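A quick write-up on the structure given underneath.
The values are calculated or read from the model by the stated rules, or taken from the named source; none is laboratory data. What you see is a predicted model, and the numbers here were worked out from it, not measured in a lab. Heads up, the Cβs are rebuilt from the backbone with ideal geometry, glycines too, and the neighbour counts pull from every protein chain shown. Accessible surface areas use protein heavy atoms only, side chains included; no ligands, DNA or RNA. Shrake-Rupley method; radii C 1.70, N 1.55, O 1.52, S 1.80 Å.
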Amino acid sequence: MPSLKRESVVKFLDNPETGFAVAYAIISLLLIFLTLFAIAFELQAPIFVKQYGWFFSSLEILILGFFSFDLALRIICYKNRLKYLTSFYGVVDVLTVVPGLIGIFIPLGINTTWIRLLRIFRLWRAIPIIQLVGSENVIAGLSGRVLPFMAAALGLKVLTLVLEDHEWWPTIGNLSVVLGVVGFALAILLGAKLSVVNGRLYAIEDAVCRIVGALRMLRANSDVSQEVTVWANQFEENLRDPDKTGIRNMREQTEALAVRLEAGGVRGPNVAGFHRDVAYVLHRATAEIPAAYEAFLRYVTISYTAAVVLVVPGLTGVIASALVVYALVGAYFLVEDMDSPLSFDKDSYIHADLEPLSQFNEKQA
């Protein structure tokens with residue numbers, strides 16, 4: 001195979017950019033999750049699986065064929081095949097493909113349950129794919145960030161399903177009330193934080209609008225218009241990338257502007273309101289929820305999720321694990337992101353709208 005084509009295939013597999021490559025990565029991820037659900041059905045509903053054996057057999061052949069094709073591509077196209085095959089992910093690929101092919105084409109006449117359970121290791125193949133989901137190329141946004149935790153929870157749950165078949169595995173019942181109470185308490189904790197950060201977000205936007213209104217009034221004074229223009233640009237620059245040093249410097253520049261306004265005869269309630277709003281926004285630019293509250297909320301979320309994964313049995317536990325992780329971990333990340341309303345990096349989902357300030361500065365450019 002020509003070197004250029006091999007490099008294109010490697011890029012297709014490891015760094016998807018085209019629509020087809022992105023679709024391939026997403027299909028890989030979906031098939032990995034389908035594998036986990038198929039194992040769960042085989043363990044918890046063997047009669048149902050036997051009744052519709054043609055479907056589950058066809059599904060496994062489809063999934064096995066896909067990952068066999070993926071493994072073959074990597075062996076053919078990677079320059080250092082031995083390094084790949086002896087790497088962690090290479091070993092995972094071999095363990096999840098080769099035993100399955102042996103079970104299909106070379107019947108061993110023995111119990112092949114262990115071969116089927118090796119499919120659980122396919123979950124590890126999701127890790128490098130999940131590393132891509134945070135990018136804009138695959139599954140960007142909050143769902144992409146939650147996906148690794150869903151994969152880990154489902155993998156752990158499938159492993160517990162295997163253990164649940166053993167007599168020594170403890171059976172814990174009557175925890176619905178406990179889980180309900182803890183879930184309600186967790187909802188209150190998340191709701192309280194959401195209320196605080198959401199209020200802060202809108203308060204910052206309102207204050208910025210009032211600041212822009214004051215800036216328009218101050219700019220009308222020719223004696224201070226230049227200083228106001230410079231200050232407004234520096235103010236926006238600091239808000240778009242806030243840090244404690246920059247905010248401290250911005251406070252000093254605001255004090256200098258206040259002196260200049262006073263010298264120019266600009267004073268009154270509008271100026272007082274302007275300084276009050278600026279002080280509020282600069283304070284909130286780096287303010288966060290108290291660390292103790294944040295740590296407690298994180299520990300409760302992790303503990304509750306782990307309890308659902310380990311305690312709720314059977315297929316109900318599989319579905320509950322996926323839903324709980326998606327809802328609670330997603331809500332945690334969403335509220336955490338809103339706790340930084342002036343973060344404008346690519347990983348930020350929700351931030352304050354500084355459009356009025358940007359538009360004001362663009363007119364002065």
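Observations, loosely collected:
- Dividing the convex hull volume of the alpha carbon atoms of segment 289-364 by its residue count gives 98 Å³ per residue.
- When the alpha carbon gyration tensor of the chain is reduced to an equivalent ellipsoid, its three semi-axes come out at 55, 28, 14 angstrom, largest first.
- Tilt relative to the chain, helix 291-311 - C-alpha long axis, 0 to 90 degrees, to 10: 20
- Across the chain, the longest run free of exposed loop sites, meaning trypsin sites (Lys or Arg not before Pro) lying outside DSSP classes H, G, I, E and B with no more than 13 other Cβ atoms within 10 Å, spans 80-266.
- Accessible surface of D243 - all protein chains present, 1.4 Å probe, nearest 10 Å²: 70
- Taking the longest Cα principal axis of the chain as reference, the axis of helix 176-219 is set at about 30 degrees.
- For segment 5-15, the Karplus equation 6.51 cos²θ - 1.76 cosθ + 1.60, evaluated at θ = phi - 60°, returns couplings of 5, 4, 5, 5, 5, 4, 5, 4, 7, 9, 9 Hz by residue, with Gly and Pro reported as x.
- Projecting the Cα atoms of Y304, V162, V97 onto the dipole axis of the chain, where Lys and Arg carry +1 and Asp and Glu carry -1 at the beta carbon, places V97 farthest toward the positive end.
- Summed residue charge, Cβ within 14 Å of S87's Cβ, Lys/Arg positive, Asp/Glu negative: +3
- Computed from the C-beta positions of Y202 and K50, the FRET efficiency with R₀ = 56 Å rounds to 0.45.
- Distance between segment 271-311 and segment 318-365 - C-alpha centres, whole angstrom: 13
- For segment 182-252, the equivalent ellipsoid derived from the alpha-carbon gyration tensor has semi-axes of 36, 15, 7 Å in decreasing order.
- HN-Hα J in Hz across segment 49-64 - Karplus 6.51, -1.76, 1.60, θ = phi - 60°, x for Gly and Pro: 5, 5, 5, 10, x, 4, 5, 5, 5, 5, 5, 5, 5, 4, 5, 5
- Placing one equal scatterer on every Cα of segment 1-76 and applying the Debye formula, the log10 ratio I(q)/I(0) at q = 0.20 Å⁻¹ is -0.88.
- Centre separation in Å (Cα based) which lies between segment 40-63 and segment 74-96: 29
- Ranking by accessible area, most exposed first, for W124, W54, W231 with a 1.4 Å probe: W54, W124, W231
- Note on F344 and R240: the extension gain reaches 36.8 nm, defined as 0.36 nm multiplied by sequence separation minus the Cα-Cα distance.
- Most mobile of A207, A256, A331 in a GNM of the chain (Cα contacts under 10 Å): A256
- Cross-link pairs K193/K363; K50/K157; K5/K83; K79/K157; K11/K346; K244/K346 - those with Cα-Cα distance over 27 Å: K193/K363; K79/K157
- Surface accessible to a 1.4 Å probe, L34 within the full protein complex, Å²: 80
- Among the chymotrypsin sites (Phe, Trp or Tyr not before Pro) in segment 248-352, those placed in a DSSP loop whose Cβ has at most 15 other Cβ atoms within 10 Å are F344, Y349.
- Estimated FRET transfer efficiency when R0 is 30 angstrom, pair I289-C209 (beta carbons, to 0.05): 0.75
- If the chain linking E355 and E252 were pulled fully straight, counting 0.36 nm for each residue of separation and taking away their Cα-Cα distance, it would gain 34.6 nm.
- Three semi-axes describe the equivalent ellipsoid of segment 149-278; taken as square roots of 5 times the Cα gyration tensor eigenvalues and ordered largest first, they are 58, 17, 10 Å.
- Ligands, DNA and RNA excluded, the heavy atoms of T245 present near 80 Å² of accessible surface to a 1.4 Å solvent probe.
- What you get for the chain, charging only the Cβ of Lys and Arg (+1) and of Asp and Glu (-1), is a dipole of about 780 debye around the Cα centre.
- Helix 142-164 axis versus longest C-alpha principal axis of the chain: approximately 30°, rounded to the nearest ten.
- Residue-averaged 222 nm ellipticity for the chain, from DSSP H runs of 4+ at -39500 (n - 2.57), nearest 500: -25500 deg cm²/dmol
- Positive-pole candidate from F55, L82, V208, dipole of the chain, charges at beta carbon: L82
- Förster radius 25 Å - calculated FRET efficiency between L156 and F184, Cβ distance, rounded to 0.05: 0.55
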